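Here the structure comes first, spelled out in structure tokens, and everything after it is commentary.
Where a number appears in this text, it was derived from the coordinates with a stated rule and is not lab data. Predicted model, so just to flag it, every value in this text is computed and none were measured. With ideal geometry, Cβ positions are generated from the backbone for all residues, glycine too; neighbour counts draw on all protein chains shown.
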Amino acid sequence: MANDRRGDVPGAPGDRELLSAADVTRTIARIAHQIIEKTAGDERAVLIGIPTRGTILARRLSAAIGEFSGTAPEVGSVDVTLYRDDLRRRPARALEDTDVPDGGLDDRLVVLVDDVLMSGRTVRAALDALADHGRPRAVQLAVLVDRGHRELPIRADYVGKNVPTSRDEQILLLLAETDGVDGVRLQRGAGAGAGSGEAAP
Amino acid sequence: MKHLLSVTDLDAATATGLLDTADRLKQALLGREVRKLPTLRGRTVITMFYENSTRTRVSFEIAGKWMSADTVNVSASGSSVSKGESLRDTSLTLSAMGADCVVVRHPASGSAHRMAAWADRDHGMTGTHTSIVNAGDGTHEHPTQALLDAATLRDRLGSIAGRRIGIVGDVLHSRVARSNVFLLATLGAEVVVIAPPTLQPVGIGQWPCRVSPSLDAELPALDAVMMLRVQAERMHGSFFPSSREYAIGYGLSEARAALLPGHAVVLHPGPMVRGMEIAPSVADSPASAVLAQVANGVHVRMAVLYHLLAGAPE
């Protein structure tokens with residue numbers, strides 16, 4: 001099995017593989033089943049990704065839900081950059097796509113999708129952004145990796161994998177759409193190049 | 001980016017970055033219940049206008065307000081300028097009051113540069129390192145107008161690189177023309193300036209554009225045509241025999257507009273003098289992007305304020 005090759009990652013010395021490509025696919029399928037179970041019958045549920053990898057995950061989750069239940073929920077994305085609380089700490093950043101389904105979010109069940117959950121500050125910003133787009137019936141949170149170190153009272157409803165980490169480690173989440181390959185890796189120390197998550201200081 | 005003074009300070013990547021940010025801001029605000037972003041909470045933006053303006057002043061104010069900045073408008077009449085206060089003293093005063101950004105329009109070319117130099121030198125004295133945005137300085141530059149024109153062209157044509165864009169009319173007195181020639185050239189467009197010889201500025205030979213005296217000859221090959229207002233208030237002399245003669249030679253009449261290719265876009269920075277540089281039927285035709293320019297103006301100015309004020313100080 002693919003996940004027997006942990007730690008054997010080409011070109012990234014010191015990395016530890018947490019999820020292989022096959023694991024990522026399986027994990028997404030499992031979250032999809034959980035979402036179906038928890039939102040059963042809600043045809044107006046909508047998956048909103050936090051760009052860029054959250055949006056990709058939302059699309060994949062929607063496809064998986066469509067495959068298992070017959071109805072793929074709508075997908076959108078909400079850029080949270082304009083709502084972040086740390087804008088003044090770094091040079092101005094480029095903005096990402098915002099794409100809310102026609103008809104808005106009023107009275108709909110929104111499943112917010114992100115790749116890595118850490119401090120919870122990105123999710124806080126996303127909740128504020130959603131509130132400006134409308135008034136959802138409820139908001140749930142799905143993440144592929146929860147690495148701990150919460151700084152706000154925020155908890156995910158669907159978690160792909162819980163990974164205990166130390167603060168000086170980085171989670172490197174790779175998706176075929178942006179990185180050519182699926183996988184989740186743990187890197188020690190600073191200097192993670194590609195990948196994403198709230199790992200950056 | 002600390003100040004926005006001239007489009008010649010922008011390379012293609014920076015300019016494209018500003019246009020992308022403007023697009024994303026437009027997206028983020030589309031169809032929303034609450035048209036307000038928290039991004040610039042606690043920042044103060046002062047617009048300081050020594051010349052009249054509707055579009056520029058209002059769109060900077062809206063841009064600031066939509067991003068939760070505190071915006072204050074000062075106009076020369078009704079301020080201490082009418083008591084004889086110098087530009088430098090006014091500038092220091094606004095900085096000392098905590099202005100994070102001053103948007104300035106002034107009849108003297110180079111005034112925004114002077115204010116930026118004072119802001120950089122004297123921020124120890126005033127306590128605030130103010131960002132200066134040039135909203136039009138004399139006959140020199142109007143960078144946000146060029147950026148919003150570029151945004152409109154990119155929207156309508158899909159791209160700017162390789163497109164042929166004509167700029168027509170009173171180029172001599174037009175800061176809009178100067179900013180557009182340089183910005184569009186930076187973005188890879190082929191710019192043609194079409195003006196009577198009396199309304200071409202000295203040194204236009206060094207600009208990154210071709211100069212042509214004949215509008216009719218150029219129209220069939222243009223992807224976009226930008227008509228300029230004849231700036232009577234800056235004309236101290238006779239540059240053409242009569243407005244009727246100007247309209248005949250350089251006005252975009254209905255018959256002339258018919259020479260443009262089907263996909264071509266008609267721009268005008270406003271305010272338009274209908275019947276002079278542009279016929280009313282052309283200004284209101286589907287080819288005209290005049291109102292799109294105005295709408296894009298707000299998003300482009302939001303993008304400028306975002307890049308100047310949202311991030312960490314450099």
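Listed values for segment B:135-150 are Karplus-derived 3J(HN,Hα) couplings in whole Hz (6.51 cos²θ - 1.76 cosθ + 1.60, θ = phi - 60°), namely 9, x, 10, x, 9, 8, 9, 8, x, 5, 5, 5, 5, 6, 5, 5, and x replaces Gly and Pro. Evaluated on the protein assembly as shown, the Kirkwood hydrodynamic radius is 25.6 Å, with distances taken between all distinct Cα atoms. The coefficient of translational diffusion for segment B:67-180, derived via Stokes-Einstein from the alpha carbon Kirkwood radius under 25 °C and 0.890 mPa s, stands at 154 µm²/s. The tail of the calculated P(r) for segment B:143-294 beyond 21 Å holds 36 percent of all Cα-Cα pairs.
Here the mean projected area of the convex hull built on the C-alpha positions of chain B is 16.3 nm². The angle between the Cα long axis of helix B:175-186 and the longest principal axis of the Cα atoms of chain B comes to about 90 degrees, rounded to the nearest 10. Positive-end ranking of B:Phe49, B:Ile165, B:Ala257 along the dipole of the protein assembly as shown, with charges on Cβ about the Cα centre, is headed by B:Phe49. Mean per-residue shielding of peptide A:81-90 is 5, counting Cβ atoms of other chains within 10 Å of each Cβ. The order of B:Phe239, B:Phe182, going from fewest to most other C-beta atoms within 10 Å of their C-beta, is B:Phe239, B:Phe182. The Cα-based radius of gyration and maximum Cα-Cα distance (Dmax) for segment A:21-165 are 14.6, 45 Å. Straight-line cross-link partners of A:Lys38 among the lysines, defined as a Cα under 24 Å from its Cα and at least 8 positions apart when in the same chain: A:Lys161. For B:Val211, the amide hydrogen comes within under 5 Å of the amide hydrogens of B:Val193, counting only partners 5 or more places away or on other chains and with H modelled in the peptide plane. Most tightly packed first, judged by the mean number of other beta-carbon atoms within 10 Å of their residues, the peptides B:140-147, A:171-178 read B:140-147, A:171-178. Here's the list of lysines a cross-link from B:Lys36 could span, going by alpha-carbon distance under 27 Å and ignoring same-chain residues fewer than 8 apart: B:Lys2, B:Lys26, B:Lys65. I'd like the FRET efficiency for A:Asp99 and A:Ala176, computed as 1/(1 + (r/R0)^6) with the beta carbon distance as r and R0 of 22 Å, rounded to 0.05. Once rounded, the FRET efficiency stands at 0.60. Remark: mean inter-chain Cβ contacts per residue of A:97-108 equal 2, using a 10 Å Cβ-Cβ cutoff to other protein chain atoms. What the phi angles of segment A:46-58 give under the Karplus curve with 6.51, -1.76 and 1.60, with θ = phi - 60°, is a coupling list of 9, 9, 10, x, 9, x, 8, 6, x, 5, 5, 4, 4 Hz, glycine and proline written as x.
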